[in-house]
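The values are calculated or read from the model by the stated rules, or taken from the named source; none is laboratory data. All figures in this text were calculated on a predicted structure; none of them were measured in a lab. Cβ placement follows ideal geometry from the backbone for every residue including glycine, while neighbour counts extend to all protein chains displayed.
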Number of protein chains: 2
Amino acid sequence: MRISELSERSGIAVATIKYYLREGLLPAGERTSPNQASYGEDHLRRLRLIRALIEVGGIPVATVSDVLAAVDSPEMPLFHVLGVAQDSLSTPVPAAHDAEWDRAYAAVCAEMDRRGWDMKPSPQAIDTLTGVIVRLAQLGYRDWATTTLPTYFDSTRAVAETDVAAALSAGGRDDIIDAVVVLTVLGDTALAAIRRIAQAQVSLERLRSREDM
Amino acid sequence: MRISELSERSGIAVATIKYYLREGLLPAGERTSPNQASYGEDHLRRLRLIRALIEVGGIPVATVSDVLAAVDSPEMPLFHVLGVAQDSLSTPVPAAHDAEWDRAYAAVCAEMDRRGWDMKPSPQAIDTLTGVIVRLAQLGYRDWATTTLPTYFDSTRAVAETDVAAALSAGGRDDIIDAVVVLTVLGDTALAAIRRIAQAQVSLERLRSREDM
């Protein structure tokens, strides 16, 4: 199809598609004349993936570019690709590496050890979590790591099991990688939304008996 | 304390603090002379909250301003304040309201009904979740709502119970509101990070037997 049809079917402006082509997010089409190229279903699918990452995940274009570069490296082992994708898709949380950090990091490692989680990749996610615990302590929520963190770990294992099962059932290598990226990013947003709905429900149940507030 | 000390203790540049004052995110200090004002511990705490929302939550300054306006409305009932805060802190996911949307919305309502969740506030979160399901369907993940969504709902109830218990134990009305905002935003990032760690662990366990990939 021509770029105009690609634009129509994806709902994305031609100028935006050209921007993604220039940035290397979208592979070039097959040239059919000096001024024209032809695009296929793969381009349409890739465009939807890019939009989902940017609009739903709030992922910056530069990061999308890193993730797609990993996705497009056929020689990289699958587990490594997944690591790159998951690392790029973690929010870095700036925090000084002081005594507070060491305490928070120890709390994270303790939760992992308790569950026999022996993997040591995903360092960005561990750093992110540690940074959140440091920030919470600075804001006065010092016991969060003991009261809340264990429940978060307990609840999230089942979520990850489902995520990985869904990704691995996607088919071959390329489909698995696509699934990991899509399900990771859109899953974050879904999980946050369900957490809001559940919080509203739990608050309603609790506050029914506290009408004074 | 003077603005210079406020800057030193918070680690935030004086120019940035002045910007937050102009935008109304931070209440004015007590004027001590025509060119000077004095700030208290409340200002320091508010500054840390603003930075956490922006840096950890990736919340835009305009949204932070909306949330803090709700937080600062003493006449608003607590449940309503929490609703405003949770709504503002949900990511909107643009999606057309077509037949695909209706199917996704019905799937969300079915999960809520099945659990007897009778609250109908938090419309933004329900919209966000519906939008994610629509996007996943467009990307080819059409069975996500039947295979994965129920697990997400099951896992998230315990998370929300902990969140609300932590918030309600924070003390009086102002402390509860502060806690809801902080724990909602930083909790999202924590949950996403733990999900990455758990995904890496589960992937490692599964892929140990699939070395060929």
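What to note about this one:
- No other residue among A:Ala198, A:Ala193, A:Ala160, A:Ala166 is within 30 Å of B:Glu75 (Cα to Cα), at the interface with chain B (Cβ under 8 Å from one of its Cβ atoms) and within 17 Å of the chain's Cα centre (by Cα) apart from A:Ala193.
- Among the candidates B:Leu47, B:Leu53, B:Leu82, the residue that is assigned to a helix (DSSP H, G or I), closer than 30 Å to B:Ile12 by Cα and over 16 Å from the mean Cα position of the chain (by Cα) is uniquely B:Leu47.
- Residues of the stretch B:29-54 that are touching a Gly at 6+ places or on another chain (Cβ under 9 Å) and of a type in the set (Asp, Glu): B:Glu30 alone.
- Sole residue being in the same structural domain as A:Leu168 (by TED's automatic domain parsing), among the acidic types (Asp, Glu) and outside any strand (DSSP E or B), chosen from A:Asp42, A:Asp87: A:Asp87
- Of the helices (runs of 4 or more DSSP H) contained entirely in the stretch A:144-213, those carrying at least 1 residues that are under 24 Å from A:Leu89 (Cβ atoms), of a type in the set (A, V, I, L, M) and in contact (Cβ under 8 Å) with a residue 60 or more places away in the chain fall at A:173-207.
- Residue within the stretch B:111-121 that is charged (D, E, K, R), touching a residue at least 40 places away in the same chain (Cβ under 8 Å) and within 14 Å of chain A (Cβ to nearest Cβ) present: yes
- Taken over the stretch B:45-59, residues that are among the aliphatic types (A, V, I, L, M) and facing another protein chain (nearest Cβ under 10 Å) amount to 3.
Every residue, every condition in (1) of a type in the set (Phe, Trp, Tyr); (2) surrounded by 22 or more Cβ atoms within 10 Å (Cβ to Cβ); (3) under 15 Å from A:Leu82 (Cα atoms), yes or no:
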{"site": "A:Asp163", "(1), (2), (3)": "no, yes, yes"}
{"site": "A:Asp175", "(1), (2), (3)": "no, no, yes"}
{"site": "A:Ile194", "(1), (2), (3)": "no, yes, no"}
{"site": "A:Ile197", "(1), (2), (3)": "no, yes, no"}
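- Residue within the stretch B:112-122 that is assigned to a helix (DSSP H, G or I) and closer than 16 Å to A:Ala190 by Cβ present: yes
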